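Scroll down for the structure; my scribbles are underneath it.
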């Protein structure tokens, strides 16, 4: 049981975003939110909002089956891909121009649940 949230065209470089994304990969949702809340990087509030969106997507998808408190959600995967680049020219000495690349990125976050409602019934059947 998993849910996905995608953040597109974030105007920071993918390398800076990956530094923060690596901190929360594999963590429980509560711990990941606590980590992101106290990170000084500019990417942290954006990832925090994305994580809350993924939790809301999970809640919307599985509201009838499992309660959010019992689900034991964790960050299953998070990855950062490069987005489109704005290319600009900056004046340089002797009439030249140096290329400035303003990078952007796309972040994909997958939240999954450790709790399997059907797992207990399967285990009891195997013992008999």
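The numbers here are math on the coordinates, done by the rules we state, and not lab data. This is a predicted model, so every value here is computed, not measured. Methodologically, a virtual Cβ is constructed for each residue, glycine included, from the backbone with ideal geometry; neighbour enumeration extends over all protein chains shown.
Between 73, 36, 52, the residue with the greatest mean-square fluctuation in the GNM of the chain (Cα pairs under 10 Å linked by springs) is 52. Between residue 100 and residue 59, the modelled label-to-label distance comes to 4.1 nm, taking each label 7 Å out from Cα in the direction of the beta carbon. Taking the longest Cα principal axis of the chain as reference, the axis of helix 43-61 is set at about 30 degrees.
Each label point was placed 7 Å from the Cα along the Cα-to-Cβ direction; for residue 70 and residue 87 their separation is 5.6 nm. What angle do you read, to the nearest 10 degrees and between 0 and 90, between the alpha-carbon axis of helix 14-24 and the longest principal axis of the chain? On a 0 to 90 degree scale, this one is about 20. Our note on the geometry: Cα centres of region 1-47 and region 51-120, 7 Å apart. Residues considered: 83, 26, 95. Largest GNM mean-square fluctuation over the chain, using C-alpha springs under 10 Å, is found at 95.
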